[in-house]
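Before any comments, here is the structure.
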Amino acid sequence: MPAPLRRPRVSASPVAAPPARPRKASSPEPLAAEAQQQQQPLRRPRGRPRKTAEELDDGNRRRKLMDTAAKLFLTQGFAATSTRDIAAAVGMHSGSPFYHFESKSALLFAVMNEGMATAVQSQQAALDALAQRQPRASARERLRVLIRHHFEVLLGPHSGFIPVMLYEWRSLTPAQRKSIARVKDAYEAVWMPTLEALARQKALQAEPAVARLFIFGALNWAVQWFAAPKKQDKKAGKSLDELTDEALALFIRED
């Protein structure tokens, strides 16, 4: 009996693995953006940079030097006051003032010039405050604000520069006098529209330009005789508000 035919073995072909998906190339955009951010310079914050503690301390020392110098110039005179006197009064070494001012003359100029510049700013602030409170303030009310502010400049806690300017004007150089005169003229020019309005109302006792000279001459002389009332004796002197009312009555006619 013939042997049965054997079926040939068929080796099972391995199942072909599915083709691998091509990997996506990483997009260069995020890397490029990151590199671009690293290359861009850091932006400075808006506004003025904050002063360091050392800068603030220097500013305070400079201010103290000016206030102390103003008092000494007033009591001793500019010529008789040395930088050593000023430094000793502030508690500094004798050469320390020259870190802030190149000379005693420069210190005198700073006392007057910065004092007047501050007065210009505070005067405008006083008028702006009046305009907010009373948008239709009369010329008389504006003059009262101007006089009251000027008394504050003359007799207030930071008033040392005015007497120094009155008595030591000749100690300045011609260039320094010219510079301060510009600031002084700007300060006084603010009064003219108010004085001219009062003149149109027949309330001013003199022509506006002449009245301005008389008013400043009278007000500035108050540094010679005014004494602020003491808390324990209010009858010893007048307040700046009372002084303002009397000055106003002296310069303009009542309605």
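The values are calculated or read from the model by the stated rules, or taken from the named source; none is laboratory data. Given the structure is predicted, the values throughout are model-derived calculations rather than measurements. Note that we place each Cβ from the backbone using ideal geometry, even for glycine, and neighbour counts take in every protein chain shown. Side chains are part of the model used for accessible areas, which takes the heavy atoms of the whole protein and leaves out ligands, DNA and RNA. Shrake-Rupley method; radii C 1.70, N 1.55, O 1.52, S 1.80 Å.
Of note:
So that you can scan it fast, the table gives a plain yes or no per residue for (1) surrounded by fewer than 19 Cβ atoms within 10 Å (Cβ to Cβ); (2) free of Cβ contacts under 8 Å to residues at least 24 places away in the same chain; (3) not β-branched (Val, Ile, Thr):
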| site | (1), (2), (3) |
| --- | --- |
| 90 | yes, no, no |
| 95 | yes, yes, yes |
| 100 | yes, no, yes |
| 120 | yes, no, no |
| 127 | yes, no, yes |
| 136 | yes, yes, yes |
| 143 | no, no, yes |
| 148 | yes, no, yes |
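- Residues of the stretch 85-127 classified as hydroxyl-bearing (Ser, Thr, Tyr) and either assigned to a helix (DSSP H, G or I) or at positive phi (or both), total: 4
- Within the stretch 169-203, the set of residues being among the acidic types (Asp, Glu) and assigned to a loop (DSSP other than H, G, I, E, B) is empty.
- Qualifying position, being more than 21 Å from residue 113 (Cβ to Cβ) and outside any loop (DSSP other than H, G, I, E, B), among 219, 166, 250, 154: 250
- Taken over the stretch 172-203, the criterion of being of a type in the set (A, V, I, L, M, F, W, C), closer than 15 Å to residue 146 by Cα and open to solvent by less than 30 Å² (accessible area, probe 1.4 Å) is satisfied by 191, 195, 197, 198.
- For residue 135, the conditions (1) in a loop (DSSP other than H, G, I, E, B); (2) within 18 Å of the chain's Cα centre (by Cα) all hold with the exception of (2).
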